[in-house]
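First the structure, in the form of structure tokens, and then the observations on it.
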Amino acid sequence: MTRYLSARDLDWSLLLIALALCGIGVLQIYSATLDSPYHSAWWRQILYVAGGLLLMWLVLAVDYHALLHYVPSYYIVSVVALVVTYVVGQTAFGSRRWIPLGGGLHLQVSEFVKLMIILLVARYLAEIKTETLEIREMTILSSLVLVPTLLVLKQPDLGTSLTYIAILMVGAFLAGLRRKYVVVIAVVTMLVLPVGWYFLKDFQRARLVSFLDPDRDPQGAGYQLIQSQIAVGAGGMFGKGVTKGTQTQLRFLPVSQKDFIFASLAEEHGFVGVVIVLSLFFVMIMRIVQNAQTAPDPVGMYICMGVASLLLFHVVVNVGMVAGLMPVTGIPLPFFSAGGSSIWSSFLALGLVNNVRLRRFVN
């Protein structure tokens, strides 16, 4: 007897955690943009969350196996869209990442390409059907991922391009990439890194240098990192309170509603607020891993782990950035930072996880 899909089979704890993070994020966006030209961002974020829930529901309606069938088409569309973004996209903060849609809306194509990378890696690795991933298969998959990665680097957007690599490497590890190949990849990476320095833009080089010594240019490249560390340290145990953070409210903290929203959170809600938010992210990622463990097939497992690796990479890099433990990169905090594209792609990713989960109950 066939069991039909039911809403009760959704991972409701996963969805509730996401909504809790969105709620805290909206509150922080409200505080960070108070009395600024961007104060409408908080209610726009609510609309983005509503749109994200709708997109997630639409993804649930289509079996993920059917979605995988069209991966080649998704790949072509993604590459073309990235090229179009580079040619006609809108430039902001030194990068050409957004396509204007009108009405104040802008689409960041690279955010949605992450989902294509997850499906691409999942389909490719599931079709190999071997216990170990050989260098030939790894080379082919890496080449496929490298194309959109280089296009995003060209925008330039180092942070987003690295998320593609993170998804690839986690998938390869799960597929049984041999240790000797891991060593070879590590050695090649170390050799290529110095060469990659010459392909970075001037502001990207400045960010890397300022990460090592922010006081070298406190009013320039090191300004963001210094102000972020001051904000994080000023929060103490319980924070200064909503709309009470001096670094945030006096606009010393740059883009405090986007990439540096975690620093704003730390200043106004302190160590306790930071622990609560990081705990929510931890539980969310662990729930996704659990769904990967109970996936009905290998491709479902790869999809869930791709989403888990994506969210983990975003959280680690964003939090590490605002704490001064990593170089400054333009990477948002999922479900938290202001912006429609990030919210929509995050909910679509959760939709993929729940899509895999729901198919466990169909027989």
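The values are calculated or read from the model by the stated rules, or taken from the named source; none is laboratory data. All figures in this text were calculated on a predicted structure; none of them were measured in a lab. A quick note on method: Cβ atoms are made from the backbone with ideal geometry, for glycine too, and the neighbour counts reach across all protein chains shown. Accessible surface is based on the protein model in full, side chains and every heavy atom, while ligands, DNA and RNA are left aside. Shrake-Rupley method; radii C 1.70, N 1.55, O 1.52, S 1.80 Å.
Here are the numbers:
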item: Test: SER256 is over 22 Å from THR33 (Cβ atoms) and under 20 Å from the mean Cα position of the chain (by Cα); result: no
item: Given (1) of a type outside the set (Val, Ile, Thr); (2) under 29 Å from ARG357 (Cβ atoms); (3) assigned to a loop (DSSP other than H, G, I, E, B), number of the condition PRO156 does not satisfy; result: (2)
item: Per-region count, the stretch 222-281, residues in contact (Cβ under 8 Å) with a residue 40 or more places away in the chain, outside any helix (DSSP H, G or I) and not hydrophobic (A, V, I, L, M, F, W, C); result: 7
item: Per-region count, the stretch 341-357, residues more than 14 Å from GLY52 (Cα to Cα) and open to solvent by 10 Å² or more (accessible area, probe 1.4 Å); result: 1
item: Residue, nearest to LYS244 (Cα to Cα), within the stretch 35-49, restricted to residues that are open to solvent by 40 Å² or more (accessible area, probe 1.4 Å) and either at pLDDT below 90 or of a type in the set (Ser, Thr, Tyr) (or both); result: ASP35
item: Condition check for LEU200: open to solvent by less than 50 Å² (accessible area, probe 1.4 Å), modelled with pLDDT of 75 or more and closer than 28 Å to GLY306 by Cβ; result: no
item: Of all residues in the stretch 114-136 being of a type in the set (Ser, Thr, Tyr) and out of contact with any strand residue (DSSP E or B) (no Cβ under 8 Å at 6 or more places or on another chain), the one that is modelled with the highest pLDDT; result: TYR124
item: Residue ID - nearest to VAL307 (Cα to Cα), chosen from residues in the stretch 5-34 that are open to solvent by less than 20 Å² (accessible area, probe 1.4 Å) and polar (S, T, N, Q); result: GLN28
item: Neighbours by Cβ (under 9 Å, 6+ apart or cross-chain): first from the stretch 341-362, over 12 Å from ILE288 (Cβ atoms); second among the polar types (S, T, N, Q) and assigned to a loop (DSSP other than H, G, I, E, B); result: ILE343/SER337; LEU358/SER6; ARG360/THR294; PHE361/SER6; VAL362/THR2
item: Of all residues in the stretch 89-114 being open to solvent by 70 Å² or more (accessible area, probe 1.4 Å) and in contact (Cβ under 8 Å) with a residue 24 or more places away in the chain, the one that is nearest to PHE260 (Cα to Cα); result: PHE93
item: Residue identified as touching a His at 6+ places or on another chain (Cβ under 8 Å), over 27 Å from PRO218 (Cβ atoms) and either open to solvent by less than 20 Å² (accessible area, probe 1.4 Å) or in a loop (DSSP other than H, G, I, E, B) (or both) among VAL299, VAL307; result: VAL299
item: Cross-chain or 6+ apart pairs with Cβ under 8 Å, the stretch 148-159 first and within 16 Å of TYR74 (Cα to Cα) and open to solvent by 10 Å² or more (accessible area, probe 1.4 Å), then at pLDDT 85 or above and of a type in the set (A, V, I, L, M, F, W, C); result: LEU151/VAL79; LEU151/LEU82; LEU151/VAL83
item: Of the criteria (1) buried (at least 24 other Cβ atoms within 10 Å of the Cβ); (2) within 12 Å of the chain's Cα centre (by Cα); (3) within 18 Å of VAL26 (Cα to Cα), which one ALA338 fails; result: (2)
item: Some residue of the stretch 62-85 being touching a residue at least 60 places away in the same chain (Cβ under 8 Å) and among the polar types (S, T, N, Q); result: yes
item: Lone unmet requirement of (1) within 19 Å of the chain's Cα centre (by Cα); (2) within 21 Å of ARG357 (Cα to Cα) for LEU107; result: (2)
item: Residue count for the stretch 247-277, restricted to those that are surrounded by fewer than 24 Cβ atoms within 10 Å (Cβ to Cβ) and out of contact with any helix residue (DSSP H, G or I) (no Cβ under 7 Å at 6 or more places or on another chain); result: 10
item: Criterion: within 22 Å of GLY340 (Cβ to Cβ), at pLDDT 95 or above and small (Gly, Ala, Ser) - qualifying residue of ALA20, ALA61, ALA92; result: ALA20
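For (1) under 20 Å from ILE185 (Cα atoms); (2) surrounded by 23 or more Cβ atoms within 10 Å (Cβ to Cβ); (3) of a type in the set (Phe, Trp, Tyr), each residue gets a yes or a no:
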position	(1), (2), (3)
VAL87	no, no, no
MET116	no, no, no
ALA122	no, yes, no
GLU127	no, no, no
THR139	yes, no, no
LEU144	yes, no, no
